[in-house]
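Input: a single structure, listed below in structure tokens.
The values are calculated or read from the model by the stated rules, or taken from the named source; none is laboratory data. All figures in this text were calculated on a predicted structure; none of them were measured in a lab. Cβ sites come from the backbone with ideal geometry, for glycine too, and all protein chains shown count toward neighbours. To get the accessible areas, we keep the full protein, side chains included, count just its heavy atoms, and leave off ligands, DNA and RNA. Shrake-Rupley method; radii C 1.70, N 1.55, O 1.52, S 1.80 Å.
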Amino acid sequence: MVNYAELADLAEKLFEASDDDDELLAENLDTLDEETRGALLSSNLLNAYQVFYYFFRETPDDLIMERLQLHAASDLLRGLVIDEIDIYEVIFGVVDGSPVLAITDGERTLARFEGKGAYAEMVRYLEDPLDG
């Protein structure tokens, strides 16, 4: 188990090596052992956008990106509202080290997508009417 100081040093080295390039940061995270990568992806050392990009290798629209950048990766353990569509909310979270996107009306979950393909699946789902 990596202690927090070592994790912080590693994060700093990853940031320096990636030079604000999301793809390069994701590739560098891929090289880490699973335990260390998981610790970083659920820490306060990365932001939620960096985790989103790591899992999906997609850049969301500007508003979603800004919302994600304002939160620590650790906030994803309880889920974050990243978008609103009419009366629905899109929630992004990480459950057992895997990305989850859910569409909810506040009382019930209308759709849930899990894994690395979740973002693409959600986009396809949203292209169809939510009530049909």
Dipole of the chain, Cα-centred, from +1 at each Lys and Arg C-beta and -1 at each Asp and Glu C-beta, to the nearest 20 debye?
420
Mind giving me the nanometre distance, one decimal, between the label points for Ser43 and Lys116, set 7 Å out from Cα along Cα→Cβ?
2.3
With the full set of protein chains in place, find how many percent of the accessible area of segment 4-127 is carbon and sulfur; take the probe as 1.4 Å.
46
Quick one: which residues, 5+ away or cross-chain, put their amide H under 5 Å from the amide H of Asn47? H built at 1.01 Å from N.
Ala73
List every residue whose amide H lies under 5 Å from the amide H of Ile82, counting only residues 5 or more places away in sequence or on a different chain, with H placed 1.01 Å from N in the peptide plane.
Val90, Ile91, Phe92
Two decimals is fine: what's Rg over Rh for the chain, C-alpha atoms, Kirkwood radius as Rh?
0.99
Could you give the accessible area per residue of the chain, probe 1.4 Å, as a whole number in Å²?
58
